[in-house]
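The values are calculated or read from the model by the stated rules, or taken from the named source; none is laboratory data. Just so it is clear, the structure is predicted and the values come from calculations on it, not from any experiment. In this analysis, Cβ positions are derived from the backbone assuming ideal geometry, glycine residues included, and neighbour counts consider all displayed protein chains. SASA here: full protein model, heavy atoms, side chains in, ligands and nucleic acids out. Shrake-Rupley method; radii C 1.70, N 1.55, O 1.52, S 1.80 Å.
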2 protein chains.
Amino acid sequence: MADQGSSVDRVYATLRDMAINFDFKPGERLNETALTSKLNVSRTPLREALNRLVAEGFLTLAKGQGFFCRPLSPEQILELYQLRCALETEALRHGVEVATDAEIAEFCAYLNATETTYDSCDDLTELLKMDEEFHMRLAGLSGNNELCRMLKNVNERIRYVRLVNLRQLRGMDCTEAGDNTFLSAHRAIANAVQNRDTQTALTALRAHIERRSEQTIELVRLAYSQLYVPS
Amino acid sequence: MADQGSSVDRVYATLRDMAINFDFKPGERLNETALTSKLNVSRTPLREALNRLVAEGFLTLAKGQGFFCRPLSPEQILELYQLRCALETEALRHGVEVATDAEIAEFCAYLNATETTYDSCDDLTELLKMDEEFHMRLAGLSGNNELCRMLKNVNERIRYVRLVNLRQLRGMDCTEAGDNTFLSAHRAIANAVQNRDTQTALTALRAHIERRSEQTIELVRLAYSQLYVPS
DNA sequence: GTGTTCTAAACTGTATACAGCGCTGTCGAA
DNA sequence: TTCGACAGCGCTGTATACAGTTTAGAACAC
């Protein structure tokens, strides 16, 4: 993290983080000159980074009006959840076929290693990171880099909403719907993968993902309410 | 098509087409100054377009060395075929559920309308475009824009190899493995969709796509051989 | 003839400058 | 009072200029 290399890369990373966390509010117009002074770069590398982010779906670009933050709508989030489901299930299919026993063992070992942290973890951001890591490793078993790249992108774009979701569950303090289910679902998937039981694993994975996507509408509403409160 | 708007958009569209057709050879380094004079723009909008293309997977960017054309490898193509399968099958799942009868009817009507062109078509580029259109419309039934966006991108990135594939089939003049199978497969899928028979449709679609992906290695070899012959 | 080092050209990455467009806010007229 | 036009400002989009780095080529040693 010491030297991020070129300006563009550093700026790009910063802006992407900001976009992920909705530091830019949905639909908000980005002022380039303001960002240049904030990030201490000229407009040239800034705009190069912004263009990348447009291509990745984090921003939009209106001709003659500049760059805007992506909107936040239930439809969009639902679409991304479906996309995630598509990518993960396909990865699972291939992972069960091509992954070596050693690779699967390592995957399960990771789950075991993090197991104790699942409910003892106070920091929801950390918990979410663990969950994403689990799913990325699962996808990684397929050996399909393109698939993983896209999944990473999708995860980043829905991360904010998922975080809101976790906050809500934590707030309800309802363990049966909360973290424990997280863990047990992951366990079930991992076990099925270890047994090379594609169908069981697929069903469990799909249920695990789609479960979250059902409450999208309320979730986005909740997200909005949290977006505009001063932290 | 008259006025492509800003320079960036025009340059971007041109460069993307060139990348799709492998006018840049795999791994080739792009000379920016050469491109500026070729496209009659300065380096600023050129680089913005190039950055977008990097984010979309058409180019790569090496620090201090500039932009390169994406590599062309069997592994990569196979990954993209799998990705395509993931996206299309998921779209199909939802399409069968959410599409109205009218929408499905229109979809089938398109297939019927183009039906006669399938084997009478000499221009393989045109044939390929028809095939892509069919699959995009099929995916469109899901109503999932994000999914369609990604599918479009994947299709563009494998288009060259698919074209080579078609040329090969045409060369063999083997109708049983050629265009007719194309059409009958599409028919089978469309029928299953119309009957809201998800499983049959899924099986047919997956087979239709994976069938092509089996011969990836020879196909990429063939692609290379065609890439460097003067047209 | 082959390998190595040094020099110069070329190219990338970034900053700055400029033109054109859109937006806003005020002033005037109905 | 409200609607519309005009002026001023700000911002985007593009071109150009400059510094640092890489690469290619030539000269020289082995």
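Within the stretch A:54-63, the set of residues being at negative phi and not in a helix (DSSP H, G or I) comprises A:GLU56, A:PHE58, A:LEU59, A:THR60, A:LEU61, A:ALA62, A:LYS63. Taking the numbered list (1) more than 18 Å from A:MET150 (Cβ to Cβ); (2) facing another protein chain (nearest Cβ under 8 Å); (3) crowded, with 20+ Cβ neighbours inside 10 Å in turn, B:SER6 passes all entries but (3). B:GLY64 fulfils the conditions (1) modelled with pLDDT of 95 or more; (2) within 12 Å of DNA strand D (Cβ to nearest atom) except for a single criterion, (1). Kindly provide the set of residues from the stretch B:15-29 that are in a helix (DSSP H, G or I) and among the acidic types (Asp, Glu), ordered by number. If the condition is that a residue be in a helix (DSSP H, G or I) and among the acidic types (Asp, Glu), then B:ASP17 is the only one that fits. Check the stretch A:105-121 and report whether any residue there is in contact with a Lys or Arg (Cβ under 7 Å, 6 or more places away or on another chain), within 28 Å of B:PRO74 (Cα to Cα) and in the same structural domain as A:LEU163 (by TED's automatic domain parsing). Scanning the stretch A:105-121 turns up at least one residue that is in contact with a Lys or Arg (Cβ under 7 Å, 6 or more places away or on another chain), within 28 Å of B:PRO74 (Cα to Cα) and in the same structural domain as A:LEU163 (by TED's automatic domain parsing).
Residue count for the stretch A:211-225 satisfying the condition of being farther than 19 Å from A:LEU127 by Cα and either in the same structural domain as A:GLU28 (by TED's automatic domain parsing) or in a helix (DSSP H, G or I) (or both): 8.
Only helices (runs of 4 or more DSSP H) whose full extent lies in the stretch B:92-209 are considered here, and the ones with at least 2 residues that are touching a residue at least 60 places away in the same chain (Cβ under 8 Å), out of contact with any strand residue (DSSP E or B) (no Cβ under 7 Å at 6 or more places or on another chain) and buried (at least 17 other Cβ atoms within 10 Å of the Cβ) are B:101-115, B:145-172, B:179-194. For A:THR89, the stated conditions hold: it is away from DNA strand C (no atom under 14 Å from the Cβ), part of a helix (DSSP H, G or I) and surrounded by fewer than 23 Cβ atoms within 10 Å (Cβ to Cβ). The condition (being within 13 Å of DNA strand D (Cβ to nearest atom) and more than 10 Å from chain A (Cβ to nearest Cβ)) is satisfied by just one residue among B:LEU72, B:LEU39, B:LEU15, B:LEU59: B:LEU39. Residue pairs whose Cβ atoms lie under 7 Å apart, sitting 6 or more positions apart in sequence or on different chains, and linking a residue in the stretch B:30-53 that is within 8 Å of DNA strand C (Cβ to nearest atom) and part of a loop (DSSP other than H, G, I, E, B) to a partner that is open to solvent by 10 Å² or more (accessible area, probe 1.4 Å) and of a type outside the set (Ser, Thr, Tyr), are B:LEU30/B:PHE24; B:LEU30/B:GLY66; B:LEU30/B:PHE68. For the stretch A:54-74, the tally of residues that are within 15 Å of DNA strand C (Cβ to nearest atom) and in contact with a Cys (Cβ under 9 Å, 6 or more places away or on another chain) stands at 1.
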